[in-house]
1. Collect the residues in the range 62-90 that are under 15 Å from the mean Cα position of the chain (by Cα) and not in a loop (DSSP other than H, G, I, E, B), keeping them in residue-number order.
2. Can you list residue pairs whose Cβ atoms sit under 8 Å apart, with the first residue in the range 119-137 being over 18 Å from residue 227 (Cβ atoms) and the second being part of a loop (DSSP other than H, G, I, E, B)? Count only pairs 6 or more apart in sequence or on different chains.
3. When you check residue 200 against the structure, is it over 27 Å from residue 95 (Cα atoms), surrounded by 20 or more Cβ atoms within 10 Å (Cβ to Cβ) and touching a strand residue (DSSP E or B) at 6+ places or on another chain (Cβ under 9 Å), yes or no?
4. Is it true that residue 176 is touching a strand residue (DSSP E or B) at 6+ places or on another chain (Cβ under 6 Å), under 30 Å from residue 16 (Cβ atoms) and outside any loop (DSSP other than H, G, I, E, B)?
5. Is there a residue being in contact with a helix residue (DSSP H, G or I) (Cβ under 9 Å, 6 or more places away or on another chain), surrounded by 20 or more Cβ atoms within 10 Å (Cβ to Cβ) and farther than 23 Å from residue 140 by Cβ anywhere in the range 155-174?
6. Touching a helix residue (DSSP H, G or I) at 6+ places or on another chain (Cβ under 8 Å) and on the phi > 0 side of the Ramachandran plot: is that true of residue 184 in this structure?
7. Please state which of the following conditions residue 188 fails to meet, knowing it meets all the rest: (1) under 20 Å from residue 99 (Cβ atoms); (2) without any contact (Cβ under 8 Å) to a residue 60 or more places away in the chain; (3) not in a loop (DSSP other than H, G, I, E, B).
8. If you go through the range 62-74 one residue at a time, do you hit one that is touching a residue at least 24 places away in the same chain (Cβ under 8 Å), exposed (fewer than 13 other Cβ atoms within 10 Å of the Cβ) and not assigned by TED's automatic domain parsing to the domain that holds residue 211?
């Protein structure tokens, strides 16, 4: 699935023509390159423009729909425009205050960032109403999606642990997808293309695992404790495997 292959692209990154058109004369700064070649640019007039190849797992149309829904309860970017052509898709959102929890600002303050992301994830789970959510992110739907993409999922992952608590999951709760203010307080969530109902451990497993990609070993349980639960090794192992195998 979403592998930890992402980075800040160089300032010399070539700007796709459609991004230039959407910028409408605004200056562009490349801020993120994801694992499938998608790019995100910040404009100097308060917008972000995401552009990339079609993703069969979760599209930018999916993301736009979910952000519009989630904004009723939690801070997420406002969708300004979404579109696609035969090969690529794009999404324009209004910029929000705050910086990614893996911004260089937090390089020497990992504990602050990790605590904030754990707490923010718990707030998201408490705020979004399961009964009103039209999407699911449970193991069955993720395995079915993987099958459509030609991914063979090991048999043992077809039988998940019993649900601990059903919530509306972020769907990509990795550290970069929480924005923090300069004091380290959570201000918003981004990248909601896979948002849907599932056991809360589906998000907790990925969020805690992502601490190691961004800050090194030793932080996973810190995030889980900041979320407010005791690490459940069985569910953590299952949902981390499901993430890596689908």
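The values are calculated or read from the model by the stated rules, or taken from the named source; none is laboratory data. Quick caveat: nothing in here was measured; it's all calculated off a predicted structure. Heads up, the Cβs are rebuilt from the backbone with ideal geometry, glycines too, and the neighbour counts pull from every protein chain shown.
1. 62, 63, 64, 65, 66, 67, 70
2. Within 8 Å, the pairs are 129/73; 133/195; 135/195.
3. Taking the combined requirement at face value, the residue satisfies it.
4. Here the answer is yes, as residue 176 does meet what is asked.
5. no
6. Spelling it out, residue 184 is indeed touching a helix residue (DSSP H, G or I) at 6+ places or on another chain (Cβ under 8 Å) and on the phi > 0 side of the Ramachandran plot.
7. Residue 188 satisfies all of (1) under 20 Å from residue 99 (Cβ atoms); (2) without any contact (Cβ under 8 Å) to a residue 60 or more places away in the chain; (3) not in a loop (DSSP other than H, G, I, E, B) except (2).
8. No: the range 62-74 contains no residue that is touching a residue at least 24 places away in the same chain (Cβ under 8 Å), exposed (fewer than 13 other Cβ atoms within 10 Å of the Cβ) and not assigned by TED's automatic domain parsing to the domain that holds residue 211.
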